[in-house]
Amino acid sequence: MKTGNLKYTRKIYKLDSVSIGNKYRTYKTNKPNNLFTNIIRIEKDNGYHDRSRFFEHWLYFRNDTNWKRCTKTGLAKTVKPNVYEGNISELIKLKTKNHKGKDWENEKHFLIVQFSIDFKTIVVDIFQNFYPRSKILIEHLINEHNLHYKL
């Protein structure tokens with residue numbers, strides 16, 4: 001699929017379980033591949049991070065045995081309801097670490113994530129090896145993107 005001249009890959013996840021207190025939700029899909037895992041988890045943001053952007057949710061891709069070590073991204077609100085944007089980073093392993101003593105991260109893949117109105121389905125679109133740095137470009141991409149759920 002394409003938005004403009006940019007190719008993206010889409011995967012649809014269905015709700016599998018909800019934690020006690022609704023802190024997180026787990027979703028599953030069939031046919032995982034190198035970009036998409038079989039299981040993802042959405043957590044509400046607790047506000048305890050040092051990011052410059054406000055994140056509504058965190059998206060975890062189950063690629064490790066412990067959720068804390070899994071690939072994650074913050075999902076930032078967009079101008080469209082139930083549509084969020086994020087990125088998948090690649091680790092840069094240097095001798096010099098960041099101020100928290102961790103490896104540096106660099107945005108690698110752009111994500112557009114869409115929730116159904118009842119939050120029982122999540123659509124994840126990944127633009128592989130592409131990340132727009134401009135907020136205006138992100139807004140235009142989302143406005144022109146072929147969303148799964150028409151709003």
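The values are calculated or read from the model by the stated rules, or taken from the named source; none is laboratory data. On a predicted model such as this, the values are computed, not experimentally measured, just so you know. Cβ placement follows ideal geometry from the backbone for every residue including glycine, while neighbour counts extend to all protein chains displayed.
Listing for the model above:
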| read-out | value |
| --- | --- |
| Criterion violated by residue 107 - all others in (1) surrounded by 13 or more Cβ atoms within 10 Å (Cβ to Cβ); (2) modelled with pLDDT under 90; (3) farther than 27 Å from residue 136 by Cβ satisfied | (3) |
| Any hit, the range 84-101, residues being of a type outside the set (A, V, I, L, M, F, W, C), touching a residue at least 24 places away in the same chain (Cβ under 8 Å) and in contact with a helix residue (DSSP H, G or I) (Cβ under 7 Å, 6 or more places away or on another chain) | yes |
| Number of the exception - residue 141 against (1) closer than 16 Å to residue 4 by Cα; (2) more than 15 Å from the chain's Cα centre (by Cα); (3) loosely packed, with under 15 Cβ neighbours inside 10 Å | (3) |
| Inter-residue pairs, beta-carbon under 8 Å, first in contact (Cβ under 8 Å) with a residue 40 or more places away in the chain and closer than 15 Å to residue 60 by Cα and in the range 17-28, second part of a loop (DSSP other than H, G, I, E, B) and among the hydroxyl-bearing types (Ser, Thr, Tyr), 6+ apart | 25/19 |
| Residue selected from the range 51-92 under the condition β-branched (Val, Ile, Thr) and surrounded by 13 or more Cβ atoms within 10 Å (Cβ to Cβ), by the criterion modelled with the highest pLDDT | 83 |
| Entirely in the range 70-151, the strands (runs of 3 or more DSSP E) that have 3 or more residues that are farther than 25 Å from residue 16 by Cβ | 83-92, 104-115 |
| Hits in the range 8-31 - residues which are more than 16 Å from residue 121 (Cα to Cα) and surrounded by 13 or more Cβ atoms within 10 Å (Cβ to Cβ) | 8, 9 |
| Meets criteria (more than 15 Å from the chain's Cα centre (by Cα), closer than 25 Å to residue 150 by Cβ and of a type in the set (A, V, I, L, M, F, W, C)) for residue 59 | no |
| Matching entry among 122, 117 (being surrounded by fewer than 18 Cβ atoms within 10 Å (Cβ to Cβ) and more than 10 Å from the chain's Cα centre (by Cα)) | 117 |
| Test: residue in the range 39-50 that is at pLDDT 90 or above and farther than 30 Å from residue 144 by Cβ | yes |
